[in-house]
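Structure, as structure tokens:
Readers should treat all values here as calculations from the given coordinates under stated rules, not as data from a laboratory. Quantities reported herein were computed from a predicted structural model and do not represent experimental measurements. Cβ coordinates were reconstructed from backbone atoms using ideal geometry, including for glycine residues, and neighbour counts include every protein chain displayed.
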């Protein structure tokens with residue numbers, strides 16, 4: 001039975017801030033945030049103000065339901081402990097500063113509001129993913145929002161965005177190359193944009209803006225939704241008409257990485273018509289902090305994930321009437337840690353003056369939604385931190401080891417008629433989406449750490465000598481060079497397919513690994529006593545991070561993980577086992593299994609097909625950790 005906690009979800013962190021260097025009197029003792037209870041954690045205060053220009057932008061992307069922030073005490077989580085109410089207060093104060101400076105300030109989002117925490121995914125039966133949580137996002141004064149791939153995995157979610165979310169934004173929600181099929185008033189099916197294809201508007205200071213909302217070449221969308229390739233989109237008549245008139249600035253928004261993707265296709269199409277017009281690109285999808293400048297009159301910014309990072313971009317454009325300038329534009333960018341200390345510093349507020357009525361209302365509304373969804377339902381108390389890549393795999397601190405070696409073998413054999421059969425269990429490491437932190441492990445933590453509702457299948461009566469080689473073969477380990485080449489071809493093809501279907505884990509992990517190698521985290525931290533966090537190296541000038549951190553440790557992780565192989569005096573290579581695997585990898589596993597079977601048994605090899613595959617359990621992947629926690633962490 002699940003335990004119930006009396007305190008409302010997320011009501012449990014207060015951050016004490018070391019503000020000895022010139023902070024106001026109401027910071028004398030602690031950074032009191034009445035909506036949170038404990039513990040007290042010191043956060044680093046920014047040391048340099050933001051650079052303002054004529055046109056300034058606050059940017060969010062890939063929020064994935066993290067609207068109540070990150071509320072565990074283990075670092076780096078406190079860095080990202082602000083919630084959407086705090087963010088709303090911050091935006092209001094920054095808008096006021098923009099008025100005082102007599103400059104423009106825009107608020108932009110680059111997509112992926114769905115799938116990530118209990119606020120988006122924890123809805124009761126009959127609900128729609130993120131529908132309730134998105135009501136609070138609609139309260140913020142966004143100037144442009146772009147659709148993301150996570151708005152398209154389930155038609156009902158797309159339909160909700162089309163019928164409820166986009167209309168509330170009055171033309172500000174853009175889906176330049178994404179359509180939905182619906183019935184018109186004559187009951188005929190028609191394919192129409194989910195939002196608007198583009199937006200043209202004039203800022204308070206009179207600058208004319210043309211914006212797009214582009215999605216990368218995504219192929220994992222549900223039926224009755226359509227994603228047009230970017231290269232085809234720029235050939236459309238509507239696109240030519242949209243960019244024909246020269247604005248003061250093109251603000252190109254999209255759920256597409258600013259590096260190693262198709263933004264150059266869009267950028268070059270605009271540049272072919274307007275060679276000197278300023279272009280600002282605001283991207284997303286890979287969950288990293290990134291920036292580049294395609295030319296001297298443009299900048300492209302990507303601002304992380306999960307309400308960890310708030311992006312800031314400014315441009316000194318000069319007089320709007322001077323359109324003939326060909327000089328390079330002075331841009332700046334900053335990656336802000338998403339917490340109240342950051343917000344209060346940059347908005348020039350104190351703790352007693354920071355919260356706005358709207359901000360407090362949003363926070364209370366989100367806490368009420370969390371209570372409605374019963375997100376504080378407690379499974380157990382995690383004895384330590386378990387991380388996806390900050391600890392090596394396998395190890396006691398690895399959440400991948402926890403899931404594959406401990407949680408799966410327990411949860412999948414509960415009330416299972418095949419529990420007494422020896423087995424080998426395999427899943428993909430990408431099934432684990434977020435770290436697990438010491439302390440309470442509740443319904444929201446379960447959803448955040450392992451959100452995918454994949455089913456488990458099995459093939460019975462596989463020789464252990466074959467089954468135990470499938471996992472290393474999937475990871476192309478322990479094979480001769482010829483087989484490595486064959487398998488790497490399969491895996492490379494799979495990686496490309498996964499990218500098109502929306503899986504960004506590999507790109508994000510590469511970024512963390514490069515960050516750790518470049519900055520030698522242990523040495524830096526020991527020398528400067530820095531807290532853990534992101535340390536960004538991008539292609540734009542200057543230092544992008546608002547706070548200097550020591551980088552997170554990063555260890556290579558395999559694409560696939562598995563349970564411990566059966567052992568004992570009676571176990572041999574001929575022992576028949578159940579080969580258990582998640583349905584997401586069925587095609588790839590069958591292909592690799594047959595390769596291994598052929599190598600081991602030669603002419604006597606079996607050929608396994610989908611006809612050999614059966615359902616193993618009713619337990620889905622997203623329930624595994626909760627079942628294990630109830631068993632092991634109470």
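Just check the range 553-634 against the gyration tensor rule for me: Cα atoms, a ≥ b ≥ c as the square roots of the eigenvalues, rounded for a/c under 1.5, and otherwise prolate or oblate depending on whether a/b exceeds b/c.
Taking the square roots of the gyration eigenvalues as a ≥ b ≥ c, the range 553-634 is prolate.
Using the reciprocal of the averaged 1/r over all distinct C-alpha pairs, how large is the Kirkwood radius of the range 380-445 in Å?
Evaluated on the range 380-445, it is 12.9 Å.
Nearest 5 percent is fine: what portion of the DSSP beta bridges confined to the range 195-338 is antiparallel?
Antiparallel bridges make up about 50 percent of those DSSP assigns within the range 195-338.
With a ≥ b ≥ c taken as the square roots of the eigenvalues of the C-alpha gyration tensor of the range 25-372, please select rounded if a/c is under 1.5 and otherwise prolate if a/b is larger than b/c or oblate if it is not?
Since a/c reaches 1.5 but b/c is at least a/b, the shape of the range 25-372 is classed as oblate.
Find the percent of Cα-Cα distances in the range 56-213 that exceed 23 Å, and round it to a whole number.
Here the long-distance tail beyond 23 Å is 43 percent of all Cα pairs in the range 56-213.
What is the fewest-to-most order of 540, 291 by other Cβ atoms lying within 10 Å of their Cβ?
Ranked by crowding around the Cβ, least crowded first: 540, 291.
Which peptide among 448-454, 425-431 comes first, and what is the full order, when sorted by highest mean count of other Cβ atoms within 10 Å?
425-431, 448-454
Take every DSSP beta bridge whose two residues both sit in the range 25-372, then give the antiparallel share in percent to the nearest 5.
55
Based on the inverse mean of 1/r over its pairs of different Cα atoms, what is the Kirkwood hydrodynamic radius of the chain, in Å?
In the chain this quantity evaluates to 26.0 Å.
Hey, fewest Cβ within 10 Å first, where do 495, 308 land in order?
Final ranking by Cβ density, sparse to dense: 495, 308.
Among bridges DSSP assigns within the chain, what percent are antiparallel (round to 5)?
Expressed as a percentage, antiparallel bridges in the chain total about 55.
Rounded, prolate or oblate: pick one for the range 231-322, where a ≥ b ≥ c are the square roots of the eigenvalues of its C-alpha gyration tensor, a/c under 1.5 means rounded, and failing that, prolate if a/b is larger than b/c, else oblate.
Cα axes put the range 231-322 in the oblate bin.
Per DSSP H run of at least 4 residues, take -39500 (n - 2.57); add these up for the chain, divide by its residues and hand me the 222 nm value, nearest 500 deg cm²/dmol.
Estimated from H runs of four or more residues: -8000 deg cm²/dmol.
Which of the peptides 137-145, 606-614, 219-227 is most tightly packed, and how do the rest follow, going by the mean number of other Cβ atoms within 10 Å of each residue?
137-145, 219-227, 606-614
Quote the relative contact order of the chain in percent (integer), defining contacts as alpha-carbon pairs under 8 Å separated by 6+ residues.
Relative contact order, the chain: 17 percent.
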